[in-house]
Amino acid sequence: MADARVRWQGGMALAAEAGSGHQVLMDASPDVGGANRGFRPTELTLISLMGCTGIDVLSILQKMRVTVEAFDIEAEADRREVHPKIFEHVVVSYRLSSPDCTPAQLERAVTLSAERYCTVSAMLEPPVEIRRQVYLNGQALSP
C-alpha cells in the first residue's frame, strides 16, 4: 500500500510527505497565484515516470551484468490546450554510456520496463502516448 499526505504551506504551496518519510514541496507559478517555491505536480508526474523506468532499466542492466558509466533520462511532454490539461504525448529519452552493453541488451531493458515493470508508465498509458528513444554511447538505437 502507498500512502502520502499533503499539507498547505501558505499561498498555493503544498508540502507532500510519503510513507517513506521523504518530502517534496509543490507550488504553482506566479501567473496563477503561486510563488514558484516548488515543483509543479505535472513536473513530478514526469519525474515519477523517469524515476520508475530508470530504476527498472538499471535493475535489469545490473542483472545482465552490464557496466554503467553514465545513465540519463529526459522527458518532454505535450499537454492539451483545454482543461484538464493532461499530457497527450510524452517522449522519454534514455542515454546510456557503457563499455560492454549491447544495443539488444539496452533495448530489452527499456522494453521490459515499458511493457511489464514500470507502474507509473502503466498508469499513464493509455490515454497518454509514451514514445521512447534509446541512445547507447551517443548512438541512437531507436527513432
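The values are calculated or read from the model by the stated rules, or taken from the named source; none is laboratory data. Computed from a prediction, not measured in an experiment: that's the story for all the values here. Every residue, glycine as well, gets a Cβ built from its backbone with ideal geometry; the counts of neighbours run over all protein chains shown.
If you check VAL92, VAL134 for being assigned to a strand (DSSP E or B), in contact with a Phe, Trp or Tyr (Cβ under 7 Å, 6 or more places away or on another chain), touching a residue at least 12 places away in the same chain (Cβ under 8 Å) and surrounded by 15 or more Cβ atoms within 10 Å (Cβ to Cβ), only one passes: VAL134.
The single residue among GLY34, GLY19, GLY10 that is crowded, with 16+ Cβ neighbours inside 10 Å and out of contact with any helix residue (DSSP H, G or I) (no Cβ under 8 Å at 6 or more places or on another chain) turns out to be GLY34. Kindly check whether there is at least one residue in the range 96-103 that is closer than 22 Å to THR45 by Cβ and among the polar types (S, T, N, Q). No, the range 96-103 contains no residue that is closer than 22 Å to THR45 by Cβ and among the polar types (S, T, N, Q). Report whether or not ASP56 is in a helix (DSSP H, G or I), outside the structural domain of GLN133 (by TED's automatic domain parsing) and either of a type in the set (Asp, Glu) or in contact with a His (Cβ under 6 Å, 6 or more places away or on another chain) (or both). Spelling it out, it is not the case that ASP56 is in a helix (DSSP H, G or I), outside the structural domain of GLN133 (by TED's automatic domain parsing) and either of a type in the set (Asp, Glu) or in contact with a His (Cβ under 6 Å, 6 or more places away or on another chain) (or both).
Only one of the listed residues (GLU88, GLU74) is closer than 16 Å to VAL57 by Cβ, in contact with a strand residue (DSSP E or B) (Cβ under 6 Å, 6 or more places away or on another chain) and acidic (Asp, Glu). That residue is GLU74. Flag set for LEU25, criterion: assigned to a strand (DSSP E or B) and either in contact (Cβ under 8 Å) with a residue 60 or more places away in the chain or aliphatic (A, V, I, L, M) (or both).
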